[in-house]
Amino acid sequence: MLEGLAIVLLVINILLFLFAKLSSPNGTGTAVFSNGRSAPASLPYDVNDFCAYHSHIVLQSFEQGGARFIFDCKLPECDEPIDMIMLAKSGAYVFKHVKVAGWISGMENSEKWTQRVQMGYGRRPQEDKFDNPVMLVEDEVHKVRRFIDRDGLLVRSVVVFPDFCALNNIKVFNPNTRVVTLDQLLPSLVTLNNKTGTNITQHEINELYDEMIQYEIIPTDEAEQYEG
């Protein structure tokens, strides 16, 4: 009787351990998220691989409406290249991709944000600080706005986290800033795009693209192919 009860308790403990491990954001694209959804099967990645490539795949449907994308764009005023810029009829969007995992919390005006990563069943989460991505991308937005220099053109910022993150305490009040996980990106921008309507024409989009594409940085391996 007691032996059978001990076996049952052991099985329950093992199941609880597995549940806690799988339900925690852990930096892999196959994690199970707090909302019960798993990472897109077509986008396997880990935290170190996360980049504009993943956002572009998610937003490819915007290209059917005339949107143009620029990657690793180092404008004259920029010290570092901008991850991705999308030029659409609803305006320009500046993207910042954050390579962290775990539970994310932060405020719009705080210098640092916090990530908490579960280290295992029964252990305390590891807590680390990282630079406020909203502040970083807003600086890039100002530089993009000055480069474009067109009155009335909306320039918005989008901070994207891997979809195995949990944004459980984010306070951002700027209506032109979005902080989302990758799986929230498309519905968030579709809503924003539909709400805004037409801000610039297709001709203006193409003109801006031609002006900005010359500042796109070609990765070293691709540059070597062109030189060869």
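The values are calculated or read from the model by the stated rules, or taken from the named source; none is laboratory data. These figures come from a predicted structure and were not determined experimentally. Every residue, glycine among them, receives a Cβ derived from its backbone with ideal geometry; neighbour counts consider all protein chains shown. Accessible surface is based on the protein model in full, side chains and every heavy atom, while ligands, DNA and RNA are left aside. Shrake-Rupley method; radii C 1.70, N 1.55, O 1.52, S 1.80 Å.
Does L136 satisfy the condition of being in a strand (DSSP E or B) and either among the small types (G, A, S) or open to solvent by 30 Å² or more (accessible area, probe 1.4 Å) (or both)?
no
Taking only the range 166-196 into account, find how many residues are within 17 Å of S110 (Cβ to Cβ) and open to solvent by less than 60 Å² (accessible area, probe 1.4 Å). Steps first, please.
Applying the first criterion (within 17 Å of S110 (Cβ to Cβ)) to the range 166-196 yields 167-174, 177, 179.
Checking the rest, the ones that are also open to solvent by less than 60 Å² (accessible area, probe 1.4 Å) come to 167, 170, 172, 174, 177, 179.
Residues flagged as within 17 Å of S110 (Cβ to Cβ) and open to solvent by less than 60 Å² (accessible area, probe 1.4 Å) within the range 166-196 amount to 6.
Consider the range 179-197. How many of its residues are within 18 Å of F50 (Cα to Cα) and in contact with a Lys or Arg (Cβ under 9 Å, 6 or more places away or on another chain)?
Residues in the range 179-197 being within 18 Å of F50 (Cα to Cα) and in contact with a Lys or Arg (Cβ under 9 Å, 6 or more places away or on another chain): 3 in total.
If you go through the range 64-83, how many residues are over 20 Å from the mean Cα position of the chain (by Cα) and of a type in the set (D, E)?
2
Which ones in the range 148-192 are touching a residue at least 60 places away in the same chain (Cβ under 8 Å), small (G, A, S) and either in contact with a helix residue (DSSP H, G or I) (Cβ under 8 Å, 6 or more places away or on another chain) or part of a loop (DSSP other than H, G, I, E, B) (or both)?
Residue satisfying the conditions is S157 alone.
Across the range 80-130, what is the number of residues that are among the hydrophobic types (A, V, I, L, M, F, W, C), touching a residue at least 12 places away in the same chain (Cβ under 8 Å) and over 18 Å from V180 (Cβ atoms)? Even if it seems obvious, please write down each step before you answer.
Step one: list which residues in the range 80-130 are among the hydrophobic types (A, V, I, L, M, F, W, C), which gives 82, 84-88, 92, 94-95, 98, 100-101, 103-104, 107, 113, 117, 119, 130.
This time we only want the ones that are touching a residue at least 12 places away in the same chain (Cβ under 8 Å), so: 82, 84-88, 92, 94-95, 98, 100-101, 103-104, 107, 113, 117, 130.
Of the ones still in play, those that are also over 18 Å from V180 (Cβ atoms) are 87, 117.
The total comes to 2.
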